[in-house]
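Beneath this line is the structure, given in structure tokens, with notes to follow.
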Amino acid sequence: GGTSGSSSSEVLATTTIGSDGGTVTTSDSKVILTIPSGALSTTTEITIAKSTTGNPVGTIMDSYEFTSGSGSTFNAAVTISINYDSSVIPADVNESDLKLAYKSNGEWVIISESTVDTVNHILSGQTTHFTKYTGTVQEDCSIHGTLLGTFSDSVPVNVYSNGCIKYNYKYTETV
């Protein structure tokens, strides 16, 4: 039910979780959200959707939008785990350098405490708030200066002062 305008996401999971915690897993099993006991004050509907717009430069996987019916913050950290396809990681990227990142005020912020299971290809990180999340390459261009601009040819490129250049490694699955 309900109406939706021009949607930029595809809902993959909707689950109701109570104050005792629980797990939300997408239908394709690529994304798992683990909510500990006490993280929610009331029973809440949690939704995970694959986002099709606004993905960051440097991502090598899809972005996922996490929403809840009772706001976007938690009393305790929840864990987001994203299964990724290791075959699409560019040759110059070390798999163990992958980091979970989230969108905040139009900027992508790396969760430095992210963990990578390179055997099972799972990228995980903890957060106390919902927004859009994805996996990206660890390098943080903010230490290289300010963003000078984004240029788009076949692959969007961000260019920073002091020479840091980030390519958009977003992939599309092929049959």
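What's the local net charge at Tyr133, with K and R +1, D and E -1, over the other residues with C-beta under 9 Å away?
+1
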Value in Å of the Kirkwood radius, where the range 68-107 supplies the Cα pairs that are averaged: 13.5
Percent of accessible area on the range 49-134 owned by carbon and sulfur, 1.4 Å probe? 43
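The values are calculated or read from the model by the stated rules, or taken from the named source; none is laboratory data. In this text the structure is predicted, and so the values were computed from the model without any measurement. Virtual Cβ from ideal backbone geometry, glycine too; neighbours counted across all protein chains shown. These area figures cover heavy atoms from the full protein model, side chains too; ligands, DNA and RNA do not enter into them. Shrake-Rupley method; radii C 1.70, N 1.55, O 1.52, S 1.80 Å.
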